[in-house]
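*Asks:* Structure below; questions to follow.
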Amino acid sequence: MRLTKVDPDAPQRELLKEAAELLRSGQLVAFPTETVYGLGAHALDEAAVRLIYEAKGRPSVNPLIVHVASPKAARELALEWTAAANALALAFWPGPLTLVVRKRGIIPDLVTAGGDTVGLRVPSHPVALALLEEAGVPVAAPSANLSTQVSPTTADHVMRGLGERVTLVVDGGPTSVGIESTVVDVTGAIPRVLRPGMISPESIKSVAGAVEIATQKELGESAKSPGMMGRHYAPRARVRLFNRDEIDAVLREARDATRQGKRVGAMVFVSLGAEGVREYIMMTNPAGYARLLYATFHQMDDARCDLVLVERPPSGAEWDAIRDRLERATR
Ligand code: TXA
Ligand code: MG
């Protein structure tokens, strides 16, 4: 594995040319997007795509997102471009939005886990965009972590998680959004959110006129977005979510755990003031919280915490995507 450091805002084209060449020749290249780092492979090269599943230990029933440099390039991969797809692409691309559309035959079945739809995204990170332009081919890229582990928001997370499984890591600094893109199915008349993200259902509705949100039950039954099932986005520690009104019970739990020699971490808005607890004070705005959420999980893993106490974010739709990731981490 090699590492190339590039300027996050104005990436050096010569450095990206080599990364692009590796992608075109079927190798795995990890790169930053505005959400999380992706593990990229030439999306139209089935052997290259297979390397992604192997490197991540990812079940092949979980489809990959295909990244391209422009809405036009995305459209060329779609069998059908609905009014909703068009409106949302215009409003939010480049950006942290994945559109699920009916796929064209040139996309290998392995990318879409055998399904007839494909997730497409034009990322806004300057490094991702420049790399995709240089590559000139669609790039399939899941988050660059081992399956079920925490998504990487720095090149260091990628290297420590995947190591020699990846040929090159393009280091473009820490990512800014911090959690994965909003995944929206636009194959029907009304866009349907399959995975919440920082682009909210309200903003989708304001652009497309209407929005539906897939329930956990539906996702499970239809296996429409298998990445949405089970434990995901989780640190190795047991995660316990709590409200301020449970504080006495939480402090007791922390004390009992530390007495048993366990390592306890806490992600809170106001200090617990508990002895021996490794504490992170979280931001009170959703964008700031999301940006540091996974980095904090990674730090809890590094500190080998056994138990992480997480204060529930306030109610309100702007916290939905964060609440989703936190709930998943407790499973
Ligand atoms: O922000 C992101 O989306 C990052 C960066 C690298 O772009 N990628 C990412 O990929 O999070 P991954 O593979 O970790 O998650 C992809 C999600 C999964 O929940 C998967 O089930 C869903 O998108 N997905 C992909 N293709 C789909 C399809 N055709 N139909 C339904 N869901 C799909
Ligand atoms: Mg992932």
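The values are calculated or read from the model by the stated rules, or taken from the named source; none is laboratory data. Just so it is clear, the structure is predicted and the values come from calculations on it, not from any experiment. Neighbour counts are summed over all protein chains in view; Cβ atoms, including those assigned to glycine, are modelled from backbone coordinates with ideal geometry.
*Asks:* With GLU246, GLU253 as the choices, which residue is at pLDDT 95 or above, over 26 Å from the mean Cα position of the chain (by Cα) and surrounded by fewer than 17 Cβ atoms within 10 Å (Cβ to Cβ)?
*Replies:* Result: GLU246 is the single residue among GLU246, GLU253 that is at pLDDT 95 or above, over 26 Å from the mean Cα position of the chain (by Cα) and surrounded by fewer than 17 Cβ atoms within 10 Å (Cβ to Cβ).
*Asks:* Being touching a residue at least 40 places away in the same chain (Cβ under 8 Å) and in contact with a Ser or Thr (Cβ under 9 Å, 6 or more places away or on another chain) is the requirement here; does THR35 meet it?
*Replies:* Taking the combined requirement at face value, the residue satisfies it.
*Asks:* From VAL122, VAL139, which residue is at pLDDT 95 or above, in contact with a helix residue (DSSP H, G or I) (Cβ under 7 Å, 6 or more places away or on another chain) and within 16 Å of ligand 2 (Cβ to nearest atom)?
*Replies:* None of the other options fit; the residue is VAL139.
*Asks:* Mind listing just one residue for me: the one in the stretch 167-189 that is over 29 Å from GLU212 (Cα atoms) and surrounded by fewer than 24 Cβ atoms within 10 Å (Cβ to Cβ) and, of those, nearest to ligand 2 (Cβ to nearest atom)?
*Replies:* Ranking the qualifying residues of the stretch 167-189, first place goes to PRO174.
*Asks:* Here is a further query. For the structure I just gave you, tell me whether SER206 is free of Cβ contacts under 8 Å to residues at least 12 places away in the same chain and away from ligand 2 (no atom under 16 Å from the Cβ).
*Replies:* Yes, satisfied.
*Asks:* Give me a count of the residues in the stretch 290-317 that are touching an Asp or Glu at 6+ places or on another chain (Cβ under 9 Å) and either closer than 13 Å to MET198 by Cβ or outside any helix (DSSP H, G or I) (or both).
*Replies:* Count: 3.
*Asks:* Let me ask something else. Return the residues of the stretch 103-121 that are exposed (fewer than 15 other Cβ atoms within 10 Å of the Cβ) and more than 9 Å from ligand 1 (Cβ to nearest atom); say none if nothing qualifies.
*Replies:* ARG104, GLY105, ILE106, GLY114
*Asks:* Here's something else I'd like to know. Looking at the stretch 130-146, is at least one residue in contact with a Phe, Trp or Tyr (Cβ under 8 Å, 6 or more places away or on another chain) and more than 9 Å from ligand 1 (Cβ to nearest atom)?
*Replies:* Yes, the stretch 130-146 contains at least one residue that is in contact with a Phe, Trp or Tyr (Cβ under 8 Å, 6 or more places away or on another chain) and more than 9 Å from ligand 1 (Cβ to nearest atom).
*Asks:* Is it true that ALA144 is within 16 Å of ligand 2 (Cβ to nearest atom) and either modelled with pLDDT of 95 or more or in contact with a Cys (Cβ under 9 Å, 6 or more places away or on another chain) (or both)?
*Replies:* Considered against the rule, which asks whether it is within 16 Å of ligand 2 (Cβ to nearest atom) and either modelled with pLDDT of 95 or more or in contact with a Cys (Cβ under 9 Å, 6 or more places away or on another chain) (or both), ALA144 comes out as yes.
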